[in-house]
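Just so it is clear, none of the values below were taken in a lab; they were calculated from the coordinates. Since the model is a prediction, treat every value here as computed from it, not as a measurement. Ideal geometry is used to build each Cβ from the backbone, glycine not excepted, and the neighbour counts take in all protein chains shown.
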Amino acid sequence: MANETDNKALKGAEIDAGESLYEWEMWEFHPHERSKTWYAIAMVVVGLMLVYAVITSNFMFAIIILMISIIFLLNNLHKPKHIAVHLTDKGLVVDEEFHPYKDIKDFSVIYNPPVELLYVDFYQFWMPILKIPLHEADPNAVRSILLEFTYENLERDDEHLTDTVERMYKL
C-alpha cells in the first residue's frame, strides 16, 4: 500500500494511478546560475542580431528576436518548483499528469554523470519525448521497474543534441 504522501500526490490527478513502486523529486526545470558575463554576452548577441535585422530591413526577424528575449527574461523570473515523479503498477505519474504504461512506447535511461536522464517515448506521434532528470533516483531501480511494464530503447545511449546544447549554454 502506498504511504499517505504517495496517495496525496497520486490523487491530485483524480485518476487511479495505482500503487507507487518508486518515487523521487525533480525540478520543474533546471535552475541555472548564470554569471554577469553570461548576461553581457547574451545582450551583445541579441544586440548584434537586432542591428543585423535593421540593416537588412528584416523587421520580422527583429520582432522574433525581441519576443524570444522577452520570453527568456520572463522565464528567468519564474522560480522552478519541485515535481514528484512516481512509478506505479499502472503507469508513470509526473506532477499530476498520469501516463499509463499502455501509452508508453519505450524508455531509455541515460547515466553518464553529470547526465542522468530518463527518456520516455509514447505511441502517440503528437506526444513529445518526456525527459525526466534522475538526480536523486537510483537508475537501476527505475530501469528494473520500467522493464516489467514496457520496452527499453537500447539504441538511445546519449542525451539529445538539444539537451546537450541547453546544458552547455545554460539555456
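Here are some notes:
- Here the chain is treated with +1 on each Lys and Arg Cβ and -1 on each Asp and Glu Cβ, and its dipole about the Cα centre works out to around 1020 debye.
- Dipole magnitude for region 32-125: about 400 debye, using +1 per Lys or Arg Cβ and -1 per Asp or Glu Cβ, origin at the Cα centre.
- Relative contact order, percent, region 16-84 [alpha-carbon distance under 8 Å, six or more residues apart]: 58 percent
- Over the chain, all Cα pairs binned in 5 Å intervals from 0 give whole-percent P(r) values of 1, 7, 14, 16, 16, 13, 11, 9, 7, 4, 2, 1, 0, 0, listed from short to long.
- Selection from Tyr119, Leu66, Leu48, by position along the positive dipole direction of the chain (Cβ): Leu48
- The Cα center of region 66-97 and the Cα center of region 34-49 differ in position by 25 Å.
- GNM result for the chain, Cα springs below 10 Å: residue of Trp24, Trp38, Trp126 fluctuating most strongly: Trp126
- Kyte-Doolittle at least 0.0, axis length at least 20 Å by Cα - qualifying DSSP helices, the chain: 36-55, 59-77
- Kirkwood-type radius of region 95-171, with distances r between different C-alpha atoms, in Å: 13.2 Å
- Lysine pair count for the chain [Cα-Cα under 27 Å; pairs on different chains or 8 or more apart]: 25
- With loop membership from DSSP and a limit of 14 other Cβ atoms within 10 Å, the longest segment of the chain without trypsin sites (Lys or Arg not before Pro) is 82-169.
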